[in-house]
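Report on one structure; see the data block that follows.
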Amino acid sequence: MNKIKIFSLLPSIMPSTVLSILKPLLELQRKNILTLTIGFTFFKNPKQIKKNDIVVLCRNCELNDYRIIFESLQYKNKLIFDIDDNFYDISIDTEIGKYHRNPIRLFFLDSIIAKADFVRVYSKPLFEKISQKNSNISLKNAYFDFSLIKELQRENNDKIRITYATSRGSQDEMYKEFEKAIIKILEEYPNKVEFYIWGFKPERLIKYENCFFMPTVKNYDAYIKTFYKKNFDIGLAPLKDDLFHNSKTNNKYREYGGMGVAGIYSQTELYRECINNGKNGLLVFNNYNSWYSAIKRLINDNNLLNSIKVNAQQDVLKNYSFDSFVLEWEKDIKNVYNSTFKNENSTNILKHKILILHSKNTYSYERRDVLLYLLQNLGIAYKVEYIENFLDGKVLDKNQFNVFFVFTDISPEVDKFIEEIDMDKVIIFDSQIPIPIKKQDNIYYIFPHHTPEVNDLNVFCIPTIDMDRNIIKNKILETYKEFKDLWSQKEIIDFFQTFTEKERKYEETFYSRKSPVYLYAFFLSKIKIPKQYKDMKAISRYTKIIFKKSRFLRSIKAFIEKLIKKTLYTLVRIKVILFYLKTIICVNIFKIYK
């Protein structure tokens, strides 16, 4: 059998991509089952896609990742998507949360999941959520790589060593769940207990001599080896009991158990799945008494401490081994490679030539701005032109476009303009008020409020949102300054509390699949394009929003852009040549000196 050719497109080198993708696939390559090529989201060569059989993605949610789908369809590659985090329910209180909950990234993520030939996940909540988008999905156990600690020597210690590790640094909020409890333990057992915390230095712990601070180790293999050598006895694993955190992998249990550390875990769905309380770990509620009692129990009960260490290590060795994980990957790759199944969702991806027309008689500027923002970032179109007050002047050649997006109310002039458009083009009306609906396959309607009827498939509801929150907020602050002497303190507090609640509700709506940005993207991906436009160029590096200008200005702009590109390319080549010459000179000087 010929070796299967795999191209893995990764967002970056991080623990998830190293553990879930690189290590197992490199092991399969070592066994001559496949050949692996690795690429990164922002440094991808399209030719790499063509010569491979399967494209493997992991946690991808960027525009370049989305374009991989176009290329994969063009070259008839199979897609496998691996994901270990629930980006749909991550909190927007952090920058990383807002990054992943951006509606455009959610659209990319949804599209990649829906069009994948196979999806791999690592938790039941994530399995339930993603199985609604793609039925070709499998729930996997992650692993602990015992080869990392094989033949390593551990430090001798006569004290009970407790540890907590985090990669979130000073932004870590989980630590607060047990902070008071660990302080009490350090004070009660100054000569018996040592506490090691990785990644940051909480101010309240600095004064304790039996508390030690370990630096963050970015290389995962090096971290595991360093951790193992320290010979810890007790590991703390606090976790919030919400949908996002319960959708993660049981990473702390695999690490603690694999390295023979007795773990204390938050009483959450994630850990209840793998912890038999009192046998291979302890489960506690997230309060002071629970954490304090559990830590003290293991300090004072040496038999329980040792039995948990042994039981946890045996369980991890049996159910979370690297060999079984690699075998699962081998089965999945062979099944996808040999499958004749074709994901029908894949046929909906098309690039569009869009002409956006705006009538001065309508007030859909917010909705228009959302669409323009979307098209600049989405890449679903490779040519977009925008004309304001289109009924006042001559429109560009309509034959250039296959999709007409019209922000307008109904009028005889609009009717006449629409009649001039060929029936094989797609026309989309976006109006603040309902307008008479024509039942034609090539005409779509978008209204702010609409409940679709049974056969009303060409009418969509995309609500209007307030795009100027900062302006409103400033007006509120000005009003407050003007009337603060007249209002009571309670009225002021209630007023701002109401505003804060509304602002939070707005944010929750924006950073979700209910966002108008997401809904416009979803709508554009679903419209049916006539057959004669399905062979259009599929790949475009950038979407250009072109406002109506004279041909002369457009030609000058194109010439300048081309000149800049050529100049930059020449400069890069010159820099490379100079670097090469410097290297040769340095080598020769070194030889002469030697």
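Worth pointing out:
- Just so you know, in region 237-270 the residues that are surrounded by 21 or more Cβ atoms within 10 Å (Cβ to Cβ) and basic (Lys, Arg) include one that is farthest from Ile182 (Cα to Cα), and it is Arg254.
- Some residue of region 24-41 being under 25 Å from Ile104 (Cα atoms) and either within 16 Å of the chain's Cα centre (by Cα) or of a type in the set (D, E, K, R) (or both): yes
- Condition met for Tyr143 (open to solvent by less than 50 Å² (accessible area, probe 1.4 Å) and at pLDDT 95 or above): yes
- Hits in region 525-549 - residues which are open to solvent by less than 50 Å² (accessible area, probe 1.4 Å), out of contact with any helix residue (DSSP H, G or I) (no Cβ under 8 Å at 6 or more places or on another chain) and at pLDDT 50 or above: Ile527, Ile529, Pro530
- Region 3-28, subset outside any helix (DSSP H, G or I) and open to solvent by less than 20 Å² (accessible area, probe 1.4 Å), residue farthest from Ile224 (Cα to Cα): Ile4
- The residue of region 238-282 that is farthest from Ser131 (Cα to Cα), among those that are in contact with a helix residue (DSSP H, G or I) (Cβ under 9 Å, 6 or more places away or on another chain) and in a strand (DSSP E or B), is Ala262.
- Scanning region 164-223 for residues that are part of a strand (DSSP E or B) and β-branched (Val, Ile, Thr) returns Val193, Ile197.
For (1) open to solvent by 20 Å² or more (accessible area, probe 1.4 Å); (2) of a type in the set (A, V, I, L, M, F, W, C); (3) more than 25 Å from Lys514 (Cα to Cα); (4) at pLDDT 95 or above, each residue gets a yes or a no:
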| residue | (1), (2), (3), (4) |
| --- | --- |
| Thr37 | yes, no, yes, no |
| Asn45 | yes, no, yes, no |
| Asn52 | no, no, yes, no |
| Asp65 | no, no, no, no |
| Ser91 | yes, no, no, no |
| Ile96 | yes, yes, no, no |
| Asp110 | no, no, no, no |
| Gln132 | yes, no, no, no |
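- Cβ pairs under 7 Å, 6+ apart, first in region 348-368 and at negative phi and modelled with pLDDT under 75, second open to solvent by 10 Å² or more (accessible area, probe 1.4 Å) and assigned to a strand (DSSP E or B): Lys351/Tyr382
- Every test in (1) within 20 Å of Arg367 (Cα to Cα); (2) at pLDDT 75 or above is passed by Lys438 save one, and that test is (1).
- Test for Glu385: is it surrounded by 14 or more Cβ atoms within 10 Å (Cβ to Cβ), part of a strand (DSSP E or B) and modelled with pLDDT under 80: yes
- Test: Arg59 is open to solvent by less than 50 Å² (accessible area, probe 1.4 Å) and among the basic types (Lys, Arg): yes
- Residue list for region 209-230, filter: more than 24 Å from Ser147 (Cβ to Cβ), touching a Pro at 6+ places or on another chain (Cβ under 8 Å) and surrounded by 15 or more Cβ atoms within 10 Å (Cβ to Cβ): Asn210
- Positions within region 291-305 being without any contact (Cβ under 8 Å) to a residue 12 or more places away in the chain and either under 28 Å from Asn141 (Cα atoms) or assigned to a helix (DSSP H, G or I) (or both), in sequence order: Ser293, Asn300, Asn302, Asn303
- Scanning region 285-303 for residues that are of a type in the set (D, E, K, R) and either under 17 Å from Tyr164 (Cα atoms) or open to solvent by 70 Å² or more (accessible area, probe 1.4 Å) (or both) yields Lys296, Arg297.
The values are calculated or read from the model by the stated rules, or taken from the named source; none is laboratory data. Predicted, not measured: the structure shown is a model, and the values here were computed from it. Cβ atoms come from the backbone with ideal geometry, glycine included; neighbour counts cover every protein chain shown. Keep in mind that these areas ignore ligands, DNA and RNA; they rest on the heavy atoms of the full protein, side chains included. Shrake-Rupley method; radii C 1.70, N 1.55, O 1.52, S 1.80 Å.
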